[in-house]
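Each remark here refers to the structure printed beneath this line.
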Amino acid sequence: MTDARRDACIADAAAVTALGESLDATWTRLRAGESAVAPIRRFGVESLDCRTAACVADLDADPREGENLVCALMRRALDALDPLPAGTFVIWTGVKGDAEFVEAQSGEAPEDRTEYRAPWLPRHYRRWVCRRLGLDPEEGIEINAACASSAAGIALAADMVSSGERESVLVCAADIVSRFTHVGFCALKALSPTVCRPFDARRDGLCLGDGASAVLVATRDVAERRLGAPPVRIAGWGLANDANHITGPARDGRGLKAAIGSALDQAGCAPDEIEAYCAHGTGTVYNDAMELTAVEALFGDRRFPIFSVKGAIGHTLGAAGAIEAAISARALRDGVVPPTGGLDEPEERGRGRVSNASQDFAGHRILTTNSGFGGVNAALILERRL
Amino acid sequence: MEVYVTGGGWVAPQGYGQWSDGRGVDLSPSDSDAMALPRARDLFDPPLSRYGRFDRYTKAGCAAIALALRDAGLPRHDEDRVIGLVSSSLYESTQTDFDYYRTTLEQDGALASPNLFSYTLPGIVLGECAAHFTLTGPTLCLGEKDGLGMTALRAALSLLRAGKADVMLAGRIEGASSGWGEAGFEKGSQPLQGAVFVVLERRPASGLSQLRLVCENEEVRLENGGRIASLLDLFGTES
């Protein structure tokens, strides 16, 4: 563990969502204000109150390869990456990859899915990713921090690179809309029975989404060579716990404030130097209120663009942080944040901050955060200088 | 970087104990699924009301963390403290995944248990402890990889080095039933059972028993140069 601090940068990023087969496609359709939320056809939902999600339409596993749907989704993201630097360390951050296995073992999956009856636990996905990319399957770790998993993975990846421990780290995550998770969130009364509307005055819950992302974190030299352009730097990161409740966020936003504060300290910037914010924005009453409380505590009355992608692509669980970091990097590049899908009438504290239209911004720092069950919070500050 | 072990706790089918006891730890598999645990009132003051209903994984993790904090002189406190928790596991909370999913099979999911669903996340055990003991540092669950608890130990040391916490707990939790070795998960191997955590500090208060660790690159060594290959190497080692 050396202490030679170096810049950790985003050297590459790929994402597959229900809005697009690539990060470019997702970004284009997000900016156009489109939504991928639709009635669920993957499993029966007739007896449930909540029947929509953002599913990738043609997602199908290849049983000859022993793959399940999570693999099929992740494979699409991995295939979009150029060859990786030798020795790249892999961090897997998917959250509920064993859902298909558990469903199959419990007799709920179709008969023709017997090939899927392999126990896909996190280490199995990480080794599968390594083998697929020609990397050493023993090099890597798996992280679970609930819905902040891939943001936490990027944070640790940045630390590995900036400390000199690693030259390049690939943070991977994929989670699908499974019966396991959809029914569970429905039981928790966390799903919207109407439309997912982050930061809306009438918001009533989240909707789930298929999502996969792979974000390569590397030294500035590696990133510049790979991109041929100035890369986005991970200027600061923070991780903190609410120490409050296992499923409900702290109403005073204390954990999120601490995570953002830690990231600001590391980035060496004041709150007024953050010019845009990609919020977790699930669309639940309590999460979004907690985030606005934290925003007001840290940033005061200042109005700057805040957005959530979850009304358009759904909540992609472990993949959310990596997808949102990749989207935030695009926002920095283009100087614009996308509309918040589903938003109709912003709640009072969101006025002048969130919008159902794109919002331009002129700065070079963006904040992205995720929060999750178990009280976890993760914050990343991304910076782009020409 | 130098770091000090200031406490530890463990629970297993064979018994339980603390780092300062000076005894070794035995987490080896047992034919019995019963875990030897301290009484709840000896661990949690005020009581952790849900403790009795926790699954084996959550119960083992909470008990070992409580023992470790007490051993390090860090009992529950009214003020938030920037203390973080990193655990590793091979099987995580998969047993709860099956228990939860069974509840979804009646009436097409209408009777699914929201409580069990929450505990299908392996980090909920850390959230329970963070809330009870007012710990506001980073909380992460990692996959176990090489050497018992070493993945968590290295991650905890990295977070200390990065200045993201004043104190970190690192440990491993396993709650798989003894039948899993034959259930197709890891054929031929019985999973370990129990939990073990150590408390790590960069600047510990004086007066406590302490064990100094030297961390370079990915190597963790004792002051005398002895290499640490497992968290269990820290137990039964003279400070």
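So here's what we get for this one:
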read-out: Failed criterion for residue A:357 (all others in (1) buried (at least 21 other Cβ atoms within 10 Å of the Cβ); (2) of a type in the set (Gly, Ala, Ser); (3) out of contact with any strand residue (DSSP E or B) (no Cβ under 7 Å at 6 or more places or on another chain) hold); value: (1)
read-out: Filter pass, residue B:69 being within 15 Å of residue B:133 (Cβ to Cβ), within 14 Å of chain A (Cβ to nearest Cβ), surrounded by fewer than 24 Cβ atoms within 10 Å (Cβ to Cβ) and touching a residue at least 40 places away in the same chain (Cβ under 8 Å); value: no
read-out: Wholly within the range A:1-106, helices (runs of 4 or more DSSP H) carrying at least 1 residues that are within 13 Å of chain B (Cβ to nearest Cβ) and more than 23 Å from the chain's Cα centre (by Cα); value: A:99-105
read-out: Sole exception among (1) in a helix (DSSP H, G or I); (2) within 14 Å of the chain's Cα centre (by Cα); (3) under 20 Å from residue A:27 (Cβ atoms) for residue A:331, by number; value: (2)
read-out: Number of the condition not met by residue A:218 [criteria: (1) buried (at least 24 other Cβ atoms within 10 Å of the Cβ); (2) farther than 26 Å from residue A:305 by Cα; (3) within 14 Å of another protein chain (Cβ to nearest Cβ)]; value: (3)
read-out: Leading residue by the ranking (farthest from the chain's Cα centre (by Cα)) among those in the range B:101-131 that are surrounded by fewer than 22 Cβ atoms within 10 Å (Cβ to Cβ) and of a type in the set (A, V, I, L, M); value: B:110
read-out: Flag if residue A:280 is within 13 Å of another protein chain (Cβ to nearest Cβ), modelled with pLDDT of 95 or more, buried (at least 24 other Cβ atoms within 10 Å of the Cβ) and within 26 Å of residue A:78 (Cβ to Cβ); value: no
read-out: Residue count for the range A:334-361, restricted to those that are charged (D, E, K, R) and assigned to a strand (DSSP E or B); value: 1
read-out: Number of the exception - residue B:63 against (1) closer than 30 Å to residue A:124 by Cα; (2) out of contact with any Pro (no Cβ under 7 Å at 6 or more places or on another chain); (3) crowded, with 24+ Cβ neighbours inside 10 Å; value: (2)
read-out: Residue list for the range B:37-55, filter: touching a strand residue (DSSP E or B) at 6+ places or on another chain (Cβ under 9 Å) and either closer than 23 Å to residue B:116 by Cα or buried (at least 24 other Cβ atoms within 10 Å of the Cβ) (or both); value: B:37
read-out: Residue pairs meeting the criteria (Cβ under 9 Å; at least 6 apart or on separate chains; first more than 10 Å from chain B (Cβ to nearest Cβ) and under 20 Å from residue A:374 (Cα atoms), in the range A:135-150; second small (Gly, Ala, Ser) and part of a loop (DSSP other than H, G, I, E, B)); value: A:150/A:94
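The values are calculated or read from the model by the stated rules, or taken from the named source; none is laboratory data. The model shown is predicted, which means the values in this text are computed figures rather than measured ones. Glycine also receives a Cβ, built like all others from the backbone with ideal geometry; neighbour counts cover every protein chain displayed.
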